[in-house]
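Below is one structure, written out as structure tokens, with a few remarks after it.
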Amino acid sequence: MAYDCIEVRPLTRRIGAEIGGVDLTRPLGSQQQVEIHQALADYQVIFFRDQPLGHEAHKAFGRLFGDLAIHPGVAGLVDHPEIVAIHADAESKYIAGENWHSDLTCNAEPPLGSILYMHTVPRDGGDTMFASMYAAYEALSDRMKAYLEGLTAVHDGDHVYRPLFPDLDKRYPCNTHPVVRTHPVTGRKALFVNASYTIRINEVPEEESDAVLAYLYQHCANPNFHVRFRWRPHSVAFWDNRCTQHLAVWDYFPDVRSGFRVTVAGDKPF
Ligand code: SIN
């Protein structure tokens, strides 16, 4: 589509575009909103530079895309429960999102997407990588596509969050979703399993499930499906969680990398 009110610079052939000509700290015009929705659909993850987002502006931008979700495992800010701090420094024992994942696929209705704003970044390193699950699906052989058709998989939050937050009384979500989902906006098919949450394909023996999932995770790691984002202070990344995975690279210890994330609620995958 042609973009009249925003500038769109694709970063790779398959995924990712940098968006210019908008100021996310102020209310957006209706045509800008339409075009940003379209850019997200077209590029799966979109990036903005030089956007010193306050919490209210951050939430207002997220709400243009849907309700904001509360994270079931990570507490939000005291006055802004919809905002989660993403922070690493010399005291950190782990960071959020070190392994390939889509956000919260353990939920019955996994998020539509997440909007990450970084105010402090290391001088070098600390990139985020994104993978197109459309590209990963489309590159599968026809035989593998036929094999995966109709399969479902279990996505479990317990093994992700319990080691980090061992609260005996708390049960983290666990849900079943199709292995290949159809994007509700674009109608395109996307692979929908990830190494963080997906533990089991339901319709086949366990050994076969393990082998097929291992193959699919290895397949998704192909750089041909990826874009790598180099942060600067006050950059924003907005990914469509329904058709991407991402991974935060922790190559900057003990330096500080810090920002905030809102998550836009999604719907039941089909
Ligand atoms: C996340 O998985 O939401 C964190 C991504 C990042 O810090 O780059």
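A straight line joining the Cα centroids of region 216-250 and region 13-43 runs 18 Å.
DSSP assigns beta bridges within the chain; of those with both partners inside it, close to 95 percent run antiparallel. Using heavy atoms of the protein chains and a probe of 1.4 Å, the accessible area assigned to residue 82 is about 30 Å². The relative contact order of region 45-180 comes to 23 percent, based on Cα pairs under 8 Å that sit 6 or more residues apart. When the P(r) is computed for region 62-191, the part past 24 Å accounts for 41% of the Cα-Cα pairs. Each Cα pair of region 64-113 feeds into the Kirkwood radius, which the Stokes-Einstein equation turns, at 25 °C and 0.890 mPa s, into a diffusion coefficient of 193 µm²/s. The Cα atoms of region 98-172 give a gyration tensor whose axes a ≥ b ≥ c have a/c of 1.5 or more with a/b no greater than b/c, which makes the shape oblate. Which chymotrypsin sites (Phe, Trp or Tyr not before Pro) in region 25-121 sit in a loop by DSSP (not H, G, I, E or B) and have at most 12 other Cβ atoms within 10 Å of their own Cβ? Within region 25-121, the qualifying chymotrypsin sites (Phe, Trp or Tyr not before Pro) (loop, at most 12 other Cβ atoms within 10 Å) are 94.
Here is the P(r) of region 213-270: all C-alpha pair distances, binned every 5 Å from 0, give 4, 10, 20, 22, 18, 17, 7, 2, 0 in whole percents. Heavy-atom accessible surface of residue 267, to the nearest 10 Å², is about 70 Å², with a 1.4 Å probe and all protein chains retained.
The trypsin sites (Lys or Arg not before Pro) of region 99-172 meeting both criteria, a DSSP state outside H, G, I, E and B (loop) and at most 14 other C-beta atoms within 10 angstrom of the site's C-beta, are 123, 170, 171. Across the chain, the relative contact order, built from alpha-carbon pairs under 8 Å that are at least six residues apart, equals 35 percent.
Across the chain, Cα-Cα pairs farther apart than 28 Å form 33% of the total.
Pull up the cross-link candidates among the lysines for residue 189, meaning alpha carbon to alpha carbon under 19 Å and not fewer than 8 places away within one chain. Filter leaves 145, 268.
The values are calculated or read from the model by the stated rules, or taken from the named source; none is laboratory data. Remember, predicted model here, so these are calculated numbers, not experimental data. With ideal geometry, Cβ positions are generated from the backbone for all residues, glycine too; neighbour counts draw on all protein chains shown. Accessible surface areas use protein heavy atoms only, side chains included; no ligands, DNA or RNA. Shrake-Rupley method; radii C 1.70, N 1.55, O 1.52, S 1.80 Å.
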